[in-house]
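Working notes, beginning with the structure itself.
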Amino acid sequence: EAQVTQNPRYLITVTGKKLTVTCSQNMNHEYMSWYRQDPGLGLRQIYYSMNVEVTDKGDVPEGYKVSRKEKRNFPLILESPSPNQTSLYFCASSRYRGDQPQHFGDGTRLSIL
Amino acid sequence: EDKVVQSPLSLVVHEGDTVTLNCSYEVTNFRSLLWYKQEKKAPTFLFMLTSSGIEKKSGRLSSILDKKELFSILNITATQTGDSAVYLCAVEWGGGSNYKLTFGKGTLLTVNP
């Protein structure tokens, strides 16, 4: 089954404790992207990757890092999480940039205390 | 300044009603407009529109784009309680490698029995 898998689905942690949210897709997609969704603000793109070793900033990249060492994986790294990064995060993938629809993961709800 | 504006932000109707959701945009180098439905989890793709005046239809849902007036509408006829969700509009825009996908804040639709 074609899918985008995020882990963990839920996480409560404390300020400053590094964390990684993993994202994996099994569709051999070139394009992968991370979004955060906050009440009243909609989805905003954090980072995206057009292929292995090619990543770029989206609209709200501050406080986040990403890597794309393999085609299937696109982890989101919060080196020093802060409470304003409490949000619902979605990973998405598509065959290439601009191809629609994107396939979304089920989301990761992060709470930073 | 918001580039993609959805209205209304929320709407409550009774089963059987017809609803019209609006999405206006102001971007450079428009590529496409997308509609998504989001219930508890990840957004699910509804329509992708690239040409003015061509209606896309799926069951009781339909959508049309006006590239001259820079807006799109999503119509839902004979609404059912299962249509209750947040409906998201997103616009792909930008030229060459400067390519973005911007979401609106969404319309929360509640359909009461």
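The values are calculated or read from the model by the stated rules, or taken from the named source; none is laboratory data. Note that the coordinates shown come from a computational prediction; the quantities given were computed from them, not determined experimentally. Note that each Cβ is placed from the backbone with ideal geometry, even for glycine, and that neighbours are counted across all protein chains shown. What goes into the accessible areas is simple: the full protein's heavy atoms, side chains included, and nothing from ligands, DNA or RNA. Shrake-Rupley method; radii C 1.70, N 1.55, O 1.52, S 1.80 Å.
Per-structure values
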quantity	calculated
Of every Cα-Cα pair in chain A, the percent that sits beyond 24 Å	17
Interface residues, the stretch A:78-110 - accessible area loss of 10 Å² or more versus chain alone, probe 1.4 Å	A:PHE90, A:ARG97, A:GLY98, A:GLN100, A:PRO101, A:GLN102, A:PHE104, A:ASP106
Buried solvent-accessible surface, both chains (A, B), 1.4 Å probe, Å² to nearest 100	1600
The stretch A:45-90 versus the stretch B:60-110: alpha-carbon centroid distance in Å	25
Label point distance in nm, B:THR77-A:ARG109, each placed 7 Å from Cα along Cα→Cβ	3.7
All aspartates and glutamates inside 13 Å of B:LYS3 as judged from Cα atoms, apart from same-chain residues fewer than 8 positions distant	A:ASP59, B:GLU26, B:GLU92
Given A:LYS57/B:LYS40; B:LYS67/B:LYS100; B:LYS41/B:LYS68; B:LYS37/B:LYS105, the pairs whose alpha carbons are separated by over 24 Å	A:LYS57/B:LYS40; B:LYS41/B:LYS68
Number of partner chain Cβ atoms within 10 Å, mean per residue of A:31-44	3
Rounded accessible area per residue of the stretch A:9-79, 1.4 Å, Å²	50
Cα-based Rg / Dmax (Å) for chain B	13.9, 48
Those residues of the stretch B:84-113 whose amide nitrogen sits under 19 Å from the label point placed on B:ASP17, 7 Å along Cα→Cβ	B:84-88, B:106-113
For chain B, the longest site-free run once trypsin sites (Lys or Arg not before Pro) in DSSP loop states with at most 16 other Cβ atoms within 10 Å are removed	B:69-113
Estimated vicinal HN-Hα couplings, Hz - the stretch B:104-113 in sequence order (Karplus 6.51, -1.76, 1.60; Gly, Pro = x)	x, 7, x, 10, 8, 9, 10, 10, 8, x
Net length gained if the chain between B:GLU26 and B:THR44 were fully extended (0.36 nm per residue, minus Cα distance)	4.1 nm
Reciprocal mean inverse distance between Cα atoms of the protein assembly as shown - Kirkwood radius, Å	18.2
Calculated on alpha-carbon atoms, Rg and Dmax of the stretch B:12-70 in Å	13.0, 39
Percent accessible area from carbon and sulfur atoms, the stretch A:1-66, protein chains only, probe 1.4 Å	50
Three semi-axes of the equivalent ellipsoid, the stretch A:1-63, Cα gyration tensor, whole Å, largest first	21, 16, 13
Those lysines that a straight Cα-Cα span of less than 18 Å connects to A:LYS17, excepting residues fewer than 8 apart in one chain	A:LYS65
For the stretch A:43-97, the spread of Cα positions along each principal axis, largest first, Å	33, 21, 16
